[in-house]
Amino acid sequence: MSKKVAQIIVETLEQAGVKNCYGVVGDTLNLIAHNISTSSIDWIHMRHEEAGAFAAQGEALLTGRLTAIAGSCGPGSLHFINGVVEANRNRAPVIVIATQVVRDELGFDFPQEVDFKAIYGSCSVYCDMILTPNQARRKTVMACQAALAKRGVAVLIVPVDISHSDAHDDVPYAVHTSDPLVRPIDADLDRAAAFLNTGQKVAIYGGSGCRDAHDAIVRLAEILKAPIAHTSRGKDALAYDNPYNVGMTGIIGTEAGYQALHDCDTLLLLGADFAWRQFYPKHARIVQIDLDPTHLGRRHPIALGLTGDIKATVEALIPRVQEKTDTHFLDRLVKRYHEVIASHMAKAAPKRRDSISGIHLTEVIDRLAADDALVTADDGTPTVWMHRYFTATAQRRFFGSLLHGTMASAMPTALGLQKATPDRQVIALSGDGGIAMLFGDLLTAVQEKLPIKIAVYDNGKLGFIDIEQKSEGLLPLYTHLQNPDFGKVAEAMGLWGRSVSRADELEEAVGSWLDHPGPALLNVKVEGMTLVMPPVIEFGPAYGMALYSARAILGGQSQDVIEMIQENFL
């Protein structure tokens, strides 16, 4: 008995574990959408496809299961592109159903014809078109399997005439996935142990690949008396219940994390692909372990590179390393880390009752949020404050566009997290520039009854870009934002909405916002001159900031310089 290709595609998605599909219905997608409506898959009606891609990657990252997005031909499926790049770089198993115009018109510049294979081929682990009805199940299986096995985005291009066709030779291909255990051979583990045993000042630097390996890494640090630094993406994997934690390095890191890598003589790099080479040690021997062999030695020269799952490899390494007794290196850095955290918390305290810093806002949300909250942040200062001021727990997870660096990801990613886990608290820390870009999908939160909590850091400008321009000695240009009262606009859209601008009103407002049972948006007028201070001040940015100050004063903007000094140095 024959079946429509649209039905076969949906059946295969179900068999592959897809629970939710995010998209905007229309023309070439209609029959597939109708088959989804009679399946076990939920359709989440987005207002913009880009937001749907962010939502899908949030669900996929949190649950590990395959998540779908589907779009109509031309601009519909093309709108996914930014979220697709984000998902693929974050290794989120997402499948894109990109519907297409009829095959007979392909290659003739037909209205809404887009060469999806050329566009999506560079940002996916699989990208192909179903050419005949009898290929439907087989290629859908291949796409699902690629997304799950390679941890990335698979794009399945479906011409509309194909989705309406009958498949007569429907061979029962099915999706098969497994979780193999990958670890280095014993001889390579012995070589790694030899480096660690001869090191006098050993440090560990862990990334997102350390998820589920927390206990083993802490045990190894105990044996080696090694401080543990982590990347921003590794915070929720390593920073909690960890007496050896010394925080992050990099531009948004801490002095302790920076010094741990700078001063060590042996560095164990675990599941980390940190891109900024200037923060790696110049003279230490580096032993790198990563599940992806293409990551080995691509950021900085290493002494030894091993391929393996971090938990399994560290557990196999522990019996081979010798316990160290000298704790001076570790003690100095842990002490410095606690001093830095105390300094950060002092900065979070409000200096005035009639204004609010973004740091203080983040500290209050952190203190009142649930221990298992899922927190997303827009690229820019919200991401910095999240990683510096949110407390890691065994249950909390943090999400940001740390590899792709795109604006506007926080709120739509929160939609997917909330859809995947209806009973958990989901918080989006949004910049005023970021929330405005995809503001329409607040209506998705209302329509789908997703009780996400959005905090808008409203400083009236593109804050991170403002800082970048100043550090280059430039007067800020094109960064000003003329914003509405986001709280009132959200309220008009059907959310709980409120705006606050005074520190003495903030705690009560945050409590009411978090306690609201439905979607809620808290618009907070934050100070506009708060700087992101790096762990070490380099000459170039410092000189640039001094040059900016001189230009601002000469240009009649001395009040801006005064405010910057008051907010950051007094």
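The values are calculated or read from the model by the stated rules, or taken from the named source; none is laboratory data. Everything quoted here is computed from the prediction, not taken from an experiment. We place every Cβ from the backbone using ideal geometry, glycine too, and count neighbours over all the protein chains shown. Surface areas here come from the heavy atoms of the whole protein model, side chains and all, with no ligands, DNA or RNA. Shrake-Rupley method; radii C 1.70, N 1.55, O 1.52, S 1.80 Å.
Could you check how many residues of region 494-507 are touching a strand residue (DSSP E or B) at 6+ places or on another chain (Cβ under 9 Å), over 15 Å from VAL526 (Cβ atoms) and either surrounded by fewer than 16 Cβ atoms within 10 Å (Cβ to Cβ) or of a type in the set (A, V, I, L, M) (or both)?
Total meeting the criteria: 1.
Would you say THR63 is open to solvent by 30 Å² or more (accessible area, probe 1.4 Å) and within 24 Å of THR421 (Cα to Cα)?
Judged against the criteria, THR63 is a match.
Only residues that are surrounded by 22 or more Cβ atoms within 10 Å (Cβ to Cβ) and closer than 11 Å to TYR205 by Cα: list them for region 278-296, please.
The answer is ILE286, VAL287, GLN288, ILE289.
Considering only region 144-161, how many residues are in a loop (DSSP other than H, G, I, E, B) and open to solvent by 70 Å² or more (accessible area, probe 1.4 Å)?
1
Of all residues in region 472-493, which are aliphatic (A, V, I, L, M), touching a residue at least 60 places away in the same chain (Cβ under 8 Å) and either open to solvent by 70 Å² or more (accessible area, probe 1.4 Å) or in contact with a strand residue (DSSP E or B) (Cβ under 7 Å, 6 or more places away or on another chain) (or both)?
Result: LEU474, single match.
Looking at region 307-323, can you tell me whether even one residue there is modelled with pLDDT of 95 or more, among the β-branched types (Val, Ile, Thr) and farther than 25 Å from ALA275 by Cα?
Yes, the conditions are met somewhere in region 307-323.
Which count do you get for residues in region 445-475 that are part of a helix (DSSP H, G or I), within 21 Å of the chain's Cα centre (by Cα) and β-branched (Val, Ile, Thr)?
Within region 445-475, residues that are part of a helix (DSSP H, G or I), within 21 Å of the chain's Cα centre (by Cα) and β-branched (Val, Ile, Thr) number 1.
Of (1) over 24 Å from ALA436 (Cα atoms); (2) surrounded by 19 or more Cβ atoms within 10 Å (Cβ to Cβ), GLY71 satisfies all except one. Which?
Result: GLY71 fails condition (1) only.
All but one of (1) modelled with pLDDT of 95 or more; (2) open to solvent by less than 10 Å² (accessible area, probe 1.4 Å) hold for GLY253; state the number of the condition that does not hold.
Single failed check for GLY253: (1).
Please find, within region 444-471, the residue that is farthest from THR421 (Cα to Cα) out of those that are among the hydrophobic types (A, V, I, L, M, F, W, C) and in contact with a strand residue (DSSP E or B) (Cβ under 7 Å, 6 or more places away or on another chain).
Checking each candidate, the answer is VAL456.
Listed here are the residues, each with its yes/no results for (1) modelled with pLDDT of 95 or more; (2) under 30 Å from VAL314 (Cβ atoms).
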site: VAL102; (1), (2): yes, no
site: PHE108; (1), (2): no, no
site: ALA118; (1), (2): yes, no
site: VAL125; (1), (2): yes, yes
site: ALA136; (1), (2): yes, no
site: ALA143; (1), (2): yes, no
site: VAL153; (1), (2): yes, yes
site: ILE162; (1), (2): yes, no
site: ASP170; (1), (2): no, no
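Could you list, in sequence order, the residues of region 196-205 that are closer than 15 Å to ILE318 by Cβ and either outside the structural domain of ALA256 (by the TED database) or surrounded by fewer than 21 Cβ atoms within 10 Å (Cβ to Cβ) (or both)?
Hit for region 196-205 is ASN197, nothing else.
Would you pick out the residues in region 43-58 that are open to solvent by 10 Å² or more (accessible area, probe 1.4 Å), in contact with a strand residue (DSSP E or B) (Cβ under 9 Å, 6 or more places away or on another chain) and over 16 Å from VAL446 (Cβ atoms)?
TRP43, GLU49
Just give me the residues in region 266-289 being of a type outside the set (Gly, Ala, Ser), at pLDDT 95 or above and over 25 Å from the mean Cα position of the chain (by Cα), in sequence order.
THR266, LEU267, ARG285, ILE286, VAL287
Looking at region 344-359, I want the residues that are closer than 24 Å to GLU255 by Cβ and have a partner that is at pLDDT below 85 and part of a loop (DSSP other than H, G, I, E, B) with Cβ atoms under 8 Å, at least 6 apart or on another chain. Which pairs are those?
LYS351/LEU570; SER357/PRO350; SER357/LYS351; SER357/THR530; GLY358/THR530; ILE359/THR530
Among the candidates LEU156, LEU131, LEU62, which residue alone is under 27 Å from ALA428 (Cβ atoms), hydrophobic (A, V, I, L, M, F, W, C) and touching a helix residue (DSSP H, G or I) at 6+ places or on another chain (Cβ under 9 Å)?
LEU62
Can you name every residue in region 430-444 that is open to solvent by less than 50 Å² (accessible area, probe 1.4 Å) and part of a helix (DSSP H, G or I)?
ASP432, GLY433, GLY434, ILE435, PHE439, GLY440, ASP441, LEU442, THR444
Pick out the one residue from ARG299, ARG336, ARG320 that is over 30 Å from SER499 (Cα atoms), in contact (Cβ under 8 Å) with a residue 60 or more places away in the chain and crowded, with 17+ Cβ neighbours inside 10 Å.
From the options ARG299, ARG336, ARG320, the qualifying one is ARG336.
In this structure, does PHE329 turn out to be in a loop (DSSP other than H, G, I, E, B), surrounded by 20 or more Cβ atoms within 10 Å (Cβ to Cβ) and of a type in the set (Phe, Trp, Tyr)?
When the stated conditions are applied, PHE329 does not pass them.
Test of understanding: among ILE365, ILE310, which residue is closer than 20 Å to LEU196 by Cβ, crowded, with 17+ Cβ neighbours inside 10 Å and out of contact with any Pro (no Cβ under 8 Å at 6 or more places or on another chain)?
Only one candidate passes the filter, namely ILE310.
Would you confirm, using the coordinates I've provided, whether GLY121 is in the same structural domain as CYS21 (by the TED database), surrounded by fewer than 17 Cβ atoms within 10 Å (Cβ to Cβ) and outside any strand (DSSP E or B)?
So GLY121 passes the test.
From the list ALA275, ALA260, ALA237, ALA226, pick out the single residue that is touching a residue at least 12 places away in the same chain (Cβ under 8 Å) and open to solvent by 10 Å² or more (accessible area, probe 1.4 Å).
The match here is ALA275.
Quickly run through region 162-204 and pick out the residues that are aromatic (Phe, Trp, Tyr) and assigned to a helix (DSSP H, G or I).
PHE195
State which residue pairs qualify: first residue of a type in the set (S, T, N, Q) and inside region 364-383, second residue assigned to a helix (DSSP H, G or I) and buried (at least 24 other Cβ atoms within 10 Å of the Cβ) in any location, beta carbons under 6 Å apart, and separation of 6 or more residues or different chains.
From region 364-383, the pairs are THR376/ALA410; THR376/THR413; THR376/ALA414; THR381/GLY358; THR381/GLY463.
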